[in-house]
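Data first, discussion second: the structure below is written as structure tokens.
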Amino acid sequence: VSFWFNPGLRPDSVEAYLEGSPLDAAGYLILLLLGIGILLRRRLNWAEVASANRWVVVFFLYCLVSVLWSEYTFVSLKRWVKDFGNVTMVLVILTETDIVAALRAMFVRYAYIVIPLSMMFIKYVSDIGRYYDPWTWQPMYRGVAGEKNALGATVAFGTLFLIWDLLDRARTKRMAAAAK
């Protein structure tokens, strides 16, 4: 989020890099709390999830303990919480009744938002959508991504998900027409 508001801003010191952006931290915290709220509402059996994923739990416990001997304890703890947020979001998807439909909906919605938004940023909000190569000063397009290669990956995967959605919708229509 902070990248979109200050696209050219880079941390000017090691301390600034380690502290991170308060705006990003607030965004991650909001997403984490929303994810935990969803999981609590679904009455997730945490013991069952932990026993089914022992090695993931062991890894996260190891990472949590490693915070104690880290040179930057608070920074390590913040990054551990951020990674726990990733697990929370995965659990939100995996606890849906139809996991494949949930994944498809998530990726298709992502593509429907990110591809047009990238085009809008490139065309109309050049401070965010474009940057200049530091060696050649040629304009590079990045859209909502951090740089041009990430934009390419975003568009490629987004296009795959949109094609998946279109083919699945066409198959569903054919099946519905055949059932009549």
Most to least accessible of Asp127, Asp168 (protein chains only, probe 1.4 Å): Asp127, Asp168
Residues whose modelled amide H sits under 5 Å from the amide H of Leu44, counting only those 5 or more places away in sequence or on another chain, are none
In Å and whole numbers, how far do the C-alpha atoms of region 52-180 stretch along each principal axis, longest first? 65, 52, 18
Working with all protein chains in place, sort Val108, Val100 by solvent-accessible area computed with a 1.4 Å probe, largest first. Val100, Val108
What number, rounded to the nearest 500 deg cm²/dmol, is the helix-based mean residue ellipticity at 222 nm of the chain, given -39500 (n - 2.57) per DSSP H run of at least four residues and division by all its residues? -24500 deg cm²/dmol
Arg174, Arg104, Arg41, Arg142, ranked by accessible area, largest first (probe 1.4 Å): Arg41, Arg174, Arg104, Arg142
Roughly how many Å is it from the Cα centre of region 125-142 to that of region 147-170, as a whole number? 23
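The values are calculated or read from the model by the stated rules, or taken from the named source; none is laboratory data. In this text the structure is predicted, and so the values were computed from the model without any measurement. In case anyone asks, the SASA skips ligands and DNA or RNA and just uses the protein heavy atoms, side chains included. Shrake-Rupley method; radii C 1.70, N 1.55, O 1.52, S 1.80 Å.
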